Every structure is written in C-alpha cells, then in structure tokens.
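Novice: First the structure, which I've put down as structure tokens, then a few questions once you've had a look.
Every number in this text was worked out from the coordinates using simple rules, so none of it is lab data. This structure is a prediction, so every number in the text was calculated from the model and none was measured. When we count neighbours, we look across all protein chains shown, and the Cβ atoms used for this are built from the backbone with ideal geometry, even at glycine.
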Amino acid sequence: MTDHWIDLVANPHPLKSLYSAVPPLQSVRLRSLHLDWRGPTLTLRIDLPSYPDHAPPDWSKYGHNTLQLHLRFLAVDDLILDGWIPATPVDINFSRLDDRRIRTQVPGTALDSTFTCSDSLIIGHLSSFRRTASGSDEGMRSFLHPLDARRFSSLPGTHEGTFYGHT
C-alpha cells in the first residue's frame with residue numbers, strides 16, 4: 001500500500017483546499033470511466049465519500065452534498081475490467097511497484113478492475129451537486145475551476161470531449 005492517495009496526485013492543491021483531511025477512496029461512487037489510447041490514460045469520474053468541510057459558500061447555498069472529480073491515471077498497462085454497473089460503490093487501492101509505477105485495484109460489488117500505471121495521478125473537473133434520493137448526479141452543478149464554471153452549469157453530455165477526455 002502507499003501512504004495516502006493524495007500523495008500520488010501531481011496537482012493536489014485544489015482538493016486539499018476544500019478538505020481539512022482528504023477522504024480515502026473507500027466507497028466512492030464510480031460514475032464513469034474513460035479510456036484514451038493517447039498516453040494511454042484512464043479517467044474515473046467519482047463522487048468522494050464525504051462532502052468538503054471548506055466548500056465555497058455558494059455550494060452550501062445551493063444545498064449541494066456531493067463532491068465529484070475526475071481522477072486520471074497515466075501510462076496505463078495491464079488493464080482488466082470485469083463487470084460494470086454505473087454509479088456503483090467501489091474502493092480504489094494502490095500498491096507501489098518498481099520504476100515509479102503503481103498497481104491500482106478497483107473492487108466493488110458490480111465491478112472488479114486492476115491495472116498498472118504511473119505513480120503520478122491527476123485530478124480535475126471538481127464539481128459540487130445535490131445527489132438525489134435515487135443517487136442521480138443530474139441537475140444544477142457548481143464547478144471549482146473558473147473555466148468549467150463558465151462553460152457548464154450541469155454535467156455535460158458524454159460528447160463533450162474537452163470535459164471527459166482531459167482533466
């Protein structure tokens with residue numbers, strides 16, 4: 001195992017500014033995954049298990065209760081993906097390997113995935129929304145990054161390559 005997962009993130013500041021203690025990647029809701037042959041990369045869109053204690057005031061004003069982000073893995077190899085039910089809870093675990101690589105395991109009740117990748121992860125597209133009783137992430141959303149906030153007020157459609165293909 002590694003130390004805390006945030007120690008693997010190349011750009012941790014935005015997330016660290018929202019939390020006194022960044023939550024572990026246990027029982028995160030996996031919303032989607034995006035494979036890209038360039039790199040190759042794998043991006044997981046996940047809901048963190050707890051809401052930020054230092055959220056911007058507007059987020060609370062709108063009644064938001066969930067933080068979502070993209071977690072991007074670089075130089076992915078040896079990918080195994082078994083099962084898939086969107087919005088399923090999963091754990092994301094890391095084990096150090098040689099040559100600045102990690103083995104990533106993503107077990108869940110409806111999904112089991114493993115792969116190796118670079119030990120440098122990237123987070124992006126941090127957003128806040130009010131999860132519905134059904135668990136949906138549709139509806140009004142607030143984005144942390146000013147460019148995302150200017151472009152989107154809800155979750156973009158999957159055709160929006162600049163959102164799903166880049167963090």
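Novice: Excluding PHE129 itself, what net charge comes from residues whose Cβ is under 15 Å from its Cβ, given Lys and Arg +1 and Asp and Glu -1?
Specialist: Working: positive: ARG29, ARG31, ARG45, LYS61, ARG130, ARG131, ARG141; negative: ASP47, ASP58, ASP137, GLU138, ASP148.
Here the count lands on +2.
Novice: Which value in deg cm²/dmol, rounded to the nearest 500, describes the helix-derived mean residue ellipticity at 222 nm for the chain, given -39,500 (n - 2.57) per DSSP H run of n ≥ 4 and division by the residue count?
Specialist: Values: 4 runs with 21 residues, N = 167.
It lands at -2500 deg cm²/dmol.
Novice: Using Cα-Cα distances under 8 Å and only pairs 6 or more residues apart, what relative contact order does the chain have, in percent?
Specialist: Working: 351 pairs, mean separation 36.0, N = 167.
Dividing the mean separation by the residue count of the chain yields 22 percent.
Novice: Run through the range 1-74 and list the trypsin sites (Lys or Arg not before Pro) located in a DSSP loop whose Cβ has at most 12 other Cβ atoms within 10 Å. Display every interim value, and only then the final one.
Specialist: Working: sites: LYS16, ARG29, ARG31, ARG38, ARG45, LYS61, ARG72; in loops: ARG38.
Hits after loop and neighbour filter: ARG38.
Novice: Next question, about the same structure. Please identify every one of the chymotrypsin sites (Phe, Trp or Tyr not before Pro) in the range 1-82 that sits in a loop by DSSP and has no more than 13 other beta carbons within 10 Å of its own beta carbon. Can you show the working numbers first?
Specialist: Working: sites: TRP5, TYR19, TRP37, TRP59, TYR62, PHE73; in loops: TYR19, TRP37, TYR62.
Sites meeting the loop and neighbour criteria: TRP37.
Novice: With a ≥ b ≥ c the root eigenvalues of the C-alpha gyration tensor of the range 63-132, is it rounded (a/c under 1.5), prolate (a/b larger than b/c) or oblate?
Specialist: On the way: a/c = 2.84, a/b = 1.49, b/c = 1.90.
The shape class here is oblate.
Novice: Assuming a ≥ b ≥ c are the square roots of the Cα gyration tensor eigenvalues, decide whether the range 90-167 counts as rounded (a/c under 1.5), prolate (otherwise, with a/b larger than b/c) or oblate. Each step should come with its number before you reach the end.
Specialist: Numbers: a/c = 2.70, a/b = 1.59, b/c = 1.70.
Judged from the Cα gyration tensor, the range 90-167 comes out oblate (a/c at least 1.5, b/c at or above a/b).
Novice: With the cut-off at 1.5 for a/c, could you classify the chain from its C-alpha gyration tensor as rounded, prolate or oblate? Display every interim value, and only then the final one.
Specialist: Working: a/c = 1.56, a/b = 1.46, b/c = 1.07.
Prolate is the answer for the chain, as a/c is 1.5 or above and a/b outweighs b/c.
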